[in-house]
Amino acid sequence: MRRNALRLAAHVGLLTAALALTVPAAAGAAATGPTRTVRAAAAAVPRVRSVSLPIRGTFKGPRENIAVTGTLDVSVITVPNAAGGGTAQIISSLDDASGTGDPSGGAYDLVGAHRDSLPFSAAGTTTLKVRPLFLLLSPLVPPNPVVPPNPIRPVTVSVTVDSTGAIGAVTATVGNPAP
């Protein structure tokens, strides 16, 4: 046990020394180079925002309409480009989501997580809309683990992102989109 602690301390010491040697060299090179613009400095830093949104609404399921309630956890990560714009990743996961069928009254469980990657504009604020894919499990169909779940898209997630990657409003609605 003591030998492992000594070995760990030696590795931490080596890592600290390596970082001490590289940080001043990188800082000196940046100081002698051209002045960085505000947009270039913002491009170096990804932005992250996570929210938990209550969801409630009705969507058309495979056999009937399903009224769903629960929580949707959404994490947004933006990676801006130096010239503006960039890429946004939207990670959506259901937490404690269940539904009731109409007219059967059957119970449904909604589970899953989904990740979408979309570009955002350098021209101004962009509203990104995604429809994450989740699974609908019906305990009414025995045996439930053997029957494959139905993939569904009952939720629309909207995220506003400005040209520098700053994340604005994050919302979620339940229902089938209008044609």
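The values are calculated or read from the model by the stated rules, or taken from the named source; none is laboratory data. Just so we're clear, the structure is a prediction, and the values are computed from it rather than from any experiment. We place every Cβ from the backbone using ideal geometry, glycine too, and count neighbours over all the protein chains shown. To get the accessible areas, we keep the full protein, side chains included, count just its heavy atoms, and leave off ligands, DNA and RNA. Shrake-Rupley method; radii C 1.70, N 1.55, O 1.52, S 1.80 Å.
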Query raised in the report: Can we say Gly99 is part of a loop (DSSP other than H, G, I, E, B), open to solvent by less than 60 Å² (accessible area, probe 1.4 Å) and out of contact with any helix residue (DSSP H, G or I) (no Cβ under 6 Å at 6 or more places or on another chain)?
Result: no
Query raised in the report: Which ones in the stretch 106-115 are in a strand (DSSP E or B) and in contact with a Leu (Cβ under 8 Å, 6 or more places away or on another chain)?
Result: Ala107, Tyr108, Asp109, Leu110, Val111, Ala113, His114
Query raised in the report: What do you reckon, is Val68 open to solvent by less than 30 Å² (accessible area, probe 1.4 Å) and at pLDDT 90 or above?
Result: yes
Query raised in the report: Any idea which of (1) open to solvent by 20 Å² or more (accessible area, probe 1.4 Å); (2) of a type outside the set (Lys, Arg); (3) closer than 17 Å to Ala172 by Cα; (4) not in a strand (DSSP E or B) is the one Pro132 doesn't satisfy?
Result: (1)
